[in-house]
1. Could you tell me whether PRO126 is more than 24 Å from PRO330 (Cβ to Cβ), open to solvent by 20 Å² or more (accessible area, probe 1.4 Å) and either assigned to a helix (DSSP H, G or I) or in contact (Cβ under 8 Å) with a residue 24 or more places away in the chain (or both)?
2. Quick check on segment 107-119. Is at least one of its residues within 29 Å of ILE2 (Cα to Cα) and in a helix (DSSP H, G or I)?
3. Would you check which residues across segment 136-174 are hydrophobic (A, V, I, L, M, F, W, C), part of a loop (DSSP other than H, G, I, E, B) and open to solvent by 10 Å² or more (accessible area, probe 1.4 Å) and list them?
4. Determine if segment 186-196 includes at least one residue that is under 24 Å from PRO330 (Cβ atoms), touching a helix residue (DSSP H, G or I) at 6+ places or on another chain (Cβ under 9 Å) and modelled with pLDDT of 95 or more.
5. Among the candidates SER73, SER69, SER63, single out the residue that is at pLDDT below 95 and within 18 Å of the chain's Cα centre (by Cα).
6. So which of VAL288, VAL306, VAL272 ends up being among the aliphatic types (A, V, I, L, M), in contact with a helix residue (DSSP H, G or I) (Cβ under 7 Å, 6 or more places away or on another chain), touching a residue at least 12 places away in the same chain (Cβ under 8 Å) and under 23 Å from ARG56 (Cβ atoms)?
7. Would you pick out the residues in segment 80-94 that are open to solvent by 40 Å² or more (accessible area, probe 1.4 Å) and either under 17 Å from the mean Cα position of the chain (by Cα) or of a type in the set (D, E, K, R) (or both)?
8. Select from segment 218-269 the residues that are over 20 Å from ASN143 (Cα atoms), open to solvent by less than 50 Å² (accessible area, probe 1.4 Å) and of a type in the set (Phe, Trp, Tyr) and list them in ascending order.
Amino acid sequence: MIIDCHGHFTTAPAQLAQWRDRQVASVGDPDNAPDPDRLVITDDDLRQAIEGNQLRLMDERGSDLTVFSPRASFMAHHIGDFEVSSVWARICNDLVHRVGALYPDRFAVGAMLPQSPGVDPATCLPELRRAVEELGAVAVNLNPDPSGGRWTAPPLTDRSWYPLYEAMVEYDIPAMIHVSTSCNPAFHTTGAHYLNADTTAFMQLVQGDLFADFPTLRFVIPHGGGAVPYHWGRFRGLAMALGRPDPEALLDNVLFDTCVYHQAGIDLLTRVIPSRSLLFASEMIGAVREVDPRTGHHFDDTKRYVDATANLSDRERADVYAGNALRAYPRLAARLAAAGR
């Protein structure tokens, strides 16, 4: 079995973006905010959005199931206030749940949270609980920078985040550390902000003692960990200088995905990071949709790179493809076991 831990509903029907445009236009004028009940997206709309896109590519590339969450750039927590984010998160989470209900063997819900700059993260707890208990979410996306590239939030090791971590431990679900759109022109959203955030989050964990307080808490750092594997020696050296444990000690709680879009990158990732801490992922259809003229294949066809790397044994490759995900996402494992898979 091949589990893709990183998928977003980037092909959602146009009605969703149109409703969001109306919501954004009404920020500061709540009396004119659009009614969520006026957003009409049929099951046929969802089938059309999925079958010719994510589902087709999953079949062509050989992946079986995707942990599917709302479009990351659409989270845009910096827009409006908590109420705006709360309504938007509920709509987006409901849509990915509906996709999962239409294709229960192919998609599992990863929920977004209604974060908002300067607002206590504990305000996200009702939606987190609803996503797990009512929508069957197996993971959540956690944005370490709700300000959209201005980085006004405290580090992930700050105690203000603890109510979310307590709930994650209670439900035994991981969080993917994933920022959203950058509103800072210095940081391109997918080329800089995403990768900066991956790197920043890991360094915050190096500096703190979060897992001493939450020994079973699990984070997935996407996009191959940003700069982390490439600069592993720097992180080891900084940890020594700061009197912190070797960064490898974090890898019982922190996993990296394989959203790295060339063979050399996957080769380095699988050479530096132990296979037990790697999860297969593609993020398709996502930030990079083009065909690599050097190979003739899509950049985001990451299974080709994982298949080809010489740094994994057959057993390790199987763990990257599914075994590690079943350990990191126990709610997904239980669901698959109940279905006899």
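The values are calculated or read from the model by the stated rules, or taken from the named source; none is laboratory data. Since we're looking at a predicted model, the values are computed, not measured. So basically every Cβ, Gly included, is an ideal-geometry build from the backbone, and we count neighbours across all protein chains shown. Calculation scope for accessible area: heavy atoms of the full protein, side chains included, ligands and nucleic acids excluded. Shrake-Rupley method; radii C 1.70, N 1.55, O 1.52, S 1.80 Å.
1. Values: more than 24 Å from PRO330 (Cβ to Cβ): no; open to solvent by 20 Å² or more (accessible area, probe 1.4 Å): yes; either assigned to a helix (DSSP H, G or I) or in contact (Cβ under 8 Å) with a residue 24 or more places away in the chain (or both): yes.
No; evaluated as a whole, the condition is false for this residue.
2. Residues of segment 107-119 within 29 Å of ILE2 (Cα to Cα): 107-113.
Of the ones still in play, those that are also in a helix (DSSP H, G or I) are none.
No; the residues of segment 107-119 include none that is within 29 Å of ILE2 (Cα to Cα) and in a helix (DSSP H, G or I).
3. Of segment 136-174, the ones hydrophobic (A, V, I, L, M, F, W, C) are 137-140, 142, 151, 153, 156, 161, 164, 167-169, 173.
With the extra rule that they be part of a loop (DSSP other than H, G, I, E, B), the set shrinks to 137-138, 151, 153, 156, 173.
Answer for segment 136-174, where residues must be hydrophobic (A, V, I, L, M, F, W, C), part of a loop (DSSP other than H, G, I, E, B) and open to solvent by 10 Å² or more (accessible area, probe 1.4 Å): TRP151, ALA153.
4. Checking segment 186-196: not a single residue is under 24 Å from PRO330 (Cβ atoms), touching a helix residue (DSSP H, G or I) at 6+ places or on another chain (Cβ under 9 Å) and modelled with pLDDT of 95 or more.
5. Working: SER69 fails: at pLDDT below 95; SER63 fails: at pLDDT below 95.
Going through SER73, SER69, SER63 in turn, just one is at pLDDT below 95 and within 18 Å of the chain's Cα centre (by Cα): SER73.
6. Numbers: VAL288 fails: in contact with a helix residue (DSSP H, G or I) (Cβ under 7 Å, 6 or more places away or on another chain); VAL272 fails: under 23 Å from ARG56 (Cβ atoms).
Exactly one residue qualifies, and that residue is VAL306.
7. ASP81, GLU83, ARG90, ASP94
8. TRP232, PHE235, TYR261
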